[in-house]
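Quick notes on the structure that follows.
The values are calculated or read from the model by the stated rules, or taken from the named source; none is laboratory data. Everything numeric in this text was worked out from a predicted model, so none of it was measured. Cβ: placed from backbone, ideal geometry, glycine included. Neighbour counts: every protein chain shown. With ligands, DNA and RNA removed, areas are computed over all heavy atoms of the protein, side chains included. Shrake-Rupley method; radii C 1.70, N 1.55, O 1.52, S 1.80 Å.
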Amino acid sequence: MVTRRQILLGGLATAGAAGGVLAANGAAAAQAYREGFAAAELKSQTKVAKQKSSFNGSHQAGIEQRAQAHANFIGLEIGSKITKDDMLRWMVLLTDDITRLCNGEPVLADPEPDLMIGAANLTVTVGFGPALFKKLGLESKVPEGFAELPGFKIDQLRDEFTGGDVLIQLGADDLLILSHATRALLRDSEPFGTVRWQQAGFTNAVGSNPEGKTQRNLMGQVDGTDNPEFGSKNFANQVWITGGPAWAIGGTQLALRRIQMNLPTWDMLGRNDKEEVIGRHLDTGAPLGQKNEFDPINFDAKKENGLQVIPPFAHIRRAAAKRPGEQFFRRPFNYQVVGAKPGELDSGLLWTAYAADLTKQYLPVQQRLADFDLLNKWTTPIGSAVFAIARGFEPGQVLAEELFS
Amino acid sequence: MRRSALISLALVPALLAPIAPAAVAAPAQVVVADAWVKASSFSDHTGGMTGVFMKITNKTKRAITLLTGTSSIAGMVETHQVVDGVMSKTARGIKLMPGKTVTLEPGGLHVMLMGLKKPILAGTKVDLTLKFAGANPLVIKPMLAKTAAAGEETYDPGMSH
């Protein structure tokens, strides 16, 4: 069987050979064919590493784009003597590092530059927690609607996944490149702060899931169906800050929640029960009673026995906006680590909400879900942090300069 | 990106030469890339010192020697070497052979900024003009100071801190 890739490679190789035929004899043509084939093969084998995501512009990278295969969310706490001036020097370093790394190049003074074989769609996103504004006396520069979340009765938050002054969020389609970039940024962050937590997440590998297809979480559910479309007005309205302090205009607000899943008990449910808990068909992701993932949800539909097709406790009913504007963008990554007890896995979701105003858009939804959502029986928030994400930077500009100068 | 910028700068004189010879700058004799300054406990105070590292390329067909330099932040600029883990001033600068690139790096050849007038901390931008025998002085883009563990060397006991 001939695969599409072999056809592509063959075509490129033939193109290479054609030049050779014109130039010389059969042996040269054969040589040109081999070289053309090898070059195309090499290009194909390194194509994931060679991908770059754009990182300059009015918004930071790593938000309005497909979730990469791997992500690291890192929460740092600044040193007790750190000033605004120190923060600005940190941002200068990060800006230089981000520019080089996202171009697939090693940072300055990289002790292992040979590891940086490409960008693999690396993105770096930087934000600031509520405590930072207090520590540095920057209360006047807090964007509207940005504040610590209230406690929810479902929360069982652990210190090691909660809070933080500075967020560095990285994503890449290659885990080794991501790891190297993470080390580079943390090495250059050392004079300014210490790592409070690092949370690693993953989605499907590139080439495993069709582009644009909604990812599944570890409970098997499609996760992110209601997201606004990239590049749409809807996306811009939900996500990007348009007023207030200049450093945040074009930025956003992030709620990062570490949601632990009790998969052993979830696995015990039958397929119908699982679908009723979420309110969607597991295979297609369609709302119950519908055929396709993106079909509209009919919350009023009743079954013959008079019960609602989408039960009162279903997650999608509780999560649906009750007032205009109660919408936000989610870009979740899965996590799986060794559990606290021997032989136990700890699996779940690095759940994210990106919103221009967390208080208006996200908080009412989270409150409803905390009050009553059957899904809570199998999920527990064990970490929580919010960050105000700075606007993007153009070449020559310094990330978040307006906040610290 | 940086490389293509350097290349296009190098091409500009050749492209413009026949049209507007008066506006043409001399072709670059020496090109510097990836320059950085080490921030450490030696550099975090007035009077301190530190090393500067870079890739430096001789674009001419003759040998050039990097002799010294000037920086608004340093009282003195010297060329140094590290031999068997001990740093000392080079006797006759740093020789750049025609067409070759020399890498100044921790644990090897480097430029030393001494008698610092201000502390150099991680993220500080530092200016530097390099001076040569056989080439014009070169003002390099403000360099970033970074902490780096590589090439920790002991200092020649004869050197004042």
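For segment B:82-101, the criterion of a residue being part of a loop (DSSP other than H, G, I, E, B), closer than 28 Å to A:Phe192 by Cα and modelled with pLDDT of 95 or more is satisfied by no position. Scanning segment A:338-355 for residues that are in contact (Cβ under 8 Å) with a residue 40 or more places away in the chain, open to solvent by 20 Å² or more (accessible area, probe 1.4 Å) and either out of contact with any Lys or Arg (no Cβ under 9 Å at 6 or more places or on another chain) or farther than 18 Å from A:Gln253 by Cβ (or both) yields a single hit, A:Leu345. Per this entry, A:Ile382 is counted among residues that are closer than 18 Å to A:Leu218 by Cβ, of a type in the set (A, V, I, L, M) and open to solvent by less than 20 Å² (accessible area, probe 1.4 Å).
Condition check ((1) more than 23 Å from the chain's Cα centre (by Cα); (2) outside any helix (DSSP H, G or I); (3) more than 23 Å from A:Gly145 (Cβ to Cβ)) across all residues:
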{"site": "A:Trp351", "(1), (2), (3)": "no, yes, no"}
{"site": "A:Lys360", "(1), (2), (3)": "no, no, no"}
{"site": "A:Pro364", "(1), (2), (3)": "no, no, no"}
{"site": "A:Arg368", "(1), (2), (3)": "yes, no, no"}
{"site": "A:Leu375", "(1), (2), (3)": "no, no, yes"}
{"site": "A:Pro381", "(1), (2), (3)": "no, yes, no"}
{"site": "A:Leu403", "(1), (2), (3)": "yes, no, no"}
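Look at A:Arg257 and say whether it is crowded, with 21+ Cβ neighbours inside 10 Å and either outside any loop (DSSP other than H, G, I, E, B) or modelled with pLDDT of 95 or more (or both).
Working: crowded, with 21+ Cβ neighbours inside 10 Å: yes; either outside any loop (DSSP other than H, G, I, E, B) or modelled with pLDDT of 95 or more (or both): yes.
So A:Arg257 passes the test.
Evaluate segment A:330-337: report whether one residue or more is among the aliphatic types (A, V, I, L, M), at pLDDT below 95, assigned by TED's automatic domain parsing to the domain that holds A:Arg158 and surrounded by fewer than 22 Cβ atoms within 10 Å (Cβ to Cβ).
Taking segment A:330-337 and keeping what is among the aliphatic types (A, V, I, L, M), we get A:337.
Subsequent filtering for residues that are at pLDDT below 95 retains none.
The answer is no, given that none of the residues of segment A:330-337 is among the aliphatic types (A, V, I, L, M), at pLDDT below 95, assigned by TED's automatic domain parsing to the domain that holds A:Arg158 and surrounded by fewer than 22 Cβ atoms within 10 Å (Cβ to Cβ).
Only residues that are within 28 Å of the chain's Cα centre (by Cα), at pLDDT 90 or above and among the basic types (Lys, Arg) were counted across segment A:299-320, and they come to 1.
Counting only residues that are within 14 Å of chain B (Cβ to nearest Cβ) and either within 15 Å of the chain's Cα centre (by Cα) or open to solvent by 70 Å² or more (accessible area, probe 1.4 Å) (or both), how many does segment A:174-226 have? Selection size over segment A:174-226: 2. Counting the residues of segment B:40-67 that are in contact with a Ser or Thr (Cβ under 7 Å, 6 or more places away or on another chain) and polar (S, T, N, Q) gives 4. Filtering segment A:83-128 to residues that are touching a strand residue (DSSP E or B) at 6+ places or on another chain (Cβ under 7 Å), assigned to a loop (DSSP other than H, G, I, E, B) and under 25 Å from A:Gly164 (Cα atoms) leaves only A:Leu122. So, A:Glu64, is that one over 18 Å from the mean Cα position of the chain (by Cα) and within 26 Å of A:Gly201 (Cβ to Cβ) or not? Here the answer is no, as A:Glu64 does not meet what is asked.
So which residues in segment B:111-125 are assigned to a strand (DSSP E or B) and within 12 Å of another protein chain (Cβ to nearest Cβ), if there are any at all? Correct list: B:Lys125 only.
Number of residues in segment A:172-231 that are closer than 23 Å to A:Arg89 by Cα, in contact (Cβ under 8 Å) with a residue 40 or more places away in the chain and of a type outside the set (S, T, N, Q): the value is 12. Total residues in segment A:129-147 satisfying the condition of being within 12 Å of A:Leu358 (Cβ to Cβ) and part of a loop (DSSP other than H, G, I, E, B): the figure is 6. When residues in segment A:156-173 are screened for being in contact with a helix residue (DSSP H, G or I) (Cβ under 8 Å, 6 or more places away or on another chain) and open to solvent by 30 Å² or more (accessible area, probe 1.4 Å), 0 of them pass. When restricted to residues that are in contact with a Leu (Cβ under 7 Å, 6 or more places away or on another chain), under 30 Å from A:Leu170 (Cα atoms) and part of a helix (DSSP H, G or I), segment A:296-349 contains 2. Can you pull out every residue in segment A:84-143 that is within 12 Å of chain B (Cβ to nearest Cβ) and of a type in the set (D, E, K, R)? Of everything in segment A:84-143, those that are within 12 Å of chain B (Cβ to nearest Cβ) and of a type in the set (D, E, K, R) turn out to be A:Asp85, A:Asp86, A:Arg89, A:Asp96, A:Asp97, A:Arg100, A:Glu105, A:Asp110, A:Glu112. Only one of the numbered conditions (1) free of Cβ contacts under 8 Å to residues at least 12 places away in the same chain; (2) open to solvent by 20 Å² or more (accessible area, probe 1.4 Å) is violated by A:Ala286, and that is (2).
Is segment A:61-80 home to any residue that is within 14 Å of another protein chain (Cβ to nearest Cβ) and either surrounded by fewer than 16 Cβ atoms within 10 Å (Cβ to Cβ) or small (Gly, Ala, Ser) (or both)?
Taking every residue of segment A:61-80 in turn, at least one turns out to be within 14 Å of another protein chain (Cβ to nearest Cβ) and either surrounded by fewer than 16 Cβ atoms within 10 Å (Cβ to Cβ) or small (Gly, Ala, Ser) (or both).
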